[in-house]
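The values are calculated or read from the model by the stated rules, or taken from the named source; none is laboratory data. Quick caveat: nothing in here was measured; it's all calculated off a predicted structure. Please note: Cβ atoms are built from the backbone with ideal geometry, for glycine as well, and neighbour counts cover all protein chains shown. Each accessible area value is taken on the protein alone, full model and side chains, heavy atoms only, with ligands, DNA and RNA left out. Shrake-Rupley method; radii C 1.70, N 1.55, O 1.52, S 1.80 Å.
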Amino acid sequence: MTGELLGSGRSADVFAIDDHWVLRRYRDGGEVTAEAAVMAYLAEHGYPVPRLRDPEGAGDGTAQRSDLVMQRLHGPSMLQALQQGTVTAEEAGAELAGLLHRLHMLPARVCAHPAVRILHLDLHPDNVILTSERPVVIDWRNTEEGPPALDCGMSALILAQVAADNTAQAAPARALLTSLLAHLAPAISLADTDSAHLTEAKNRRAADPSMSERETHLLDSAMELIRELTPTRP
């Protein structure tokens, strides 16, 4: 049995268990073993992720799990805070960049190559919950290990697709993207030295079956916007 439906994303539903725990279940029946293992590892290293009720069961990846029971977070998403005006686009962009930088400072869990890091690959304002203690990053289904610039490129591209659209959200998204790119620089420069990783992010977004035709159509404009807004190296 599951409790009250708290929210639904593109691929998963979240149900209340009680005031402290929730159950997250993918509608396609996908298993969560790898995701849980990464979350447990990040928690051990002090990165802000929801606590797991059974972190020991996430360790070796040998037993499949279909549900993820994790800490119930209380607070708005960063997206909700932006819409309510309690967080500015400049603040949100700086926070997203900080969360990306902190993640990429940690050693990879599996790969020993020094340039490889854990990537979120879907870090945007709706996947950050602003609890009273600290921002917490959720939704680790897409996580992989790889180059940090790919992760930054994915976050920038998600924002740029909104900023390039002809909607009321375009201007706030552009301001947020501008802040994100400014705070990623100079470590990440998607307009020049890291442009290949931005192209890889675009190819991945284009191949994502959950994207609408409109979202896919905006990818070229989003790429141009990122190149326009990325600070130039001195």
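Would you mind finding the one in ARG204, ARG214 that is within 18 Å of LEU123 (Cα to Cα), touching a residue at least 40 places away in the same chain (Cβ under 8 Å), assigned to a helix (DSSP H, G or I) and open to solvent by 60 Å² or more (accessible area, probe 1.4 Å)?
Numbers: ARG214 fails: within 18 Å of LEU123 (Cα to Cα).
Of the residues listed, the single one that is within 18 Å of LEU123 (Cα to Cα), touching a residue at least 40 places away in the same chain (Cβ under 8 Å), assigned to a helix (DSSP H, G or I) and open to solvent by 60 Å² or more (accessible area, probe 1.4 Å) is ARG204.
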(message) For the range 51-79, give me each residue that is touching an Asp or Glu at 6+ places or on another chain (Cβ under 8 Å) and either modelled with pLDDT of 95 or more or not hydrophobic (A, V, I, L, M, F, W, C) (or both).
(response) GLN64, ARG65, SER66, ARG72, SER77, MET78, LEU79
(message) Can you confirm whether ALA16 is within 30 Å of PRO107 (Cα to Cα) and touching a Gly at 6+ places or on another chain (Cβ under 7 Å)?
(response) no
(request) Kindly indicate whether any position in the range 179-191 is more than 16 Å from the chain's Cα centre (by Cα), hydroxyl-bearing (Ser, Thr, Tyr) and open to solvent by 30 Å² or more (accessible area, probe 1.4 Å). (result) no
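In the range 217-226, what count of residues is obtained for those that are surrounded by 15 or more Cβ atoms within 10 Å (Cβ to Cβ) and in a helix (DSSP H, G or I)?
Counting residues in the range 217-226 that are surrounded by 15 or more Cβ atoms within 10 Å (Cβ to Cβ) and in a helix (DSSP H, G or I) gives 5.
Please determine whether any residue of the range 147-166 is over 18 Å from the mean Cα position of the chain (by Cα) and modelled with pLDDT of 95 or more.
Among the residues of the range 147-166, at least one is over 18 Å from the mean Cα position of the chain (by Cα) and modelled with pLDDT of 95 or more, which makes the answer yes.
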(request) Provide a single number: the residues in the range 177-197 that are farther than 18 Å from GLY93 by Cα and assigned to a helix (DSSP H, G or I). (result) 3
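Give the residue, chosen from THR2, THR33, that is over 23 Å from MET211 (Cβ atoms), exposed (fewer than 15 other Cβ atoms within 10 Å of the Cβ) and modelled with pLDDT under 90.
Unique residue meeting the criteria: THR2.
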(request) Just need a number here: residues in the range 5-20 that are open to solvent by 50 Å² or more (accessible area, probe 1.4 Å) and either of a type in the set (A, V, I, L, M) or without any contact (Cβ under 8 Å) to a residue 60 or more places away in the chain (or both). (result) 7
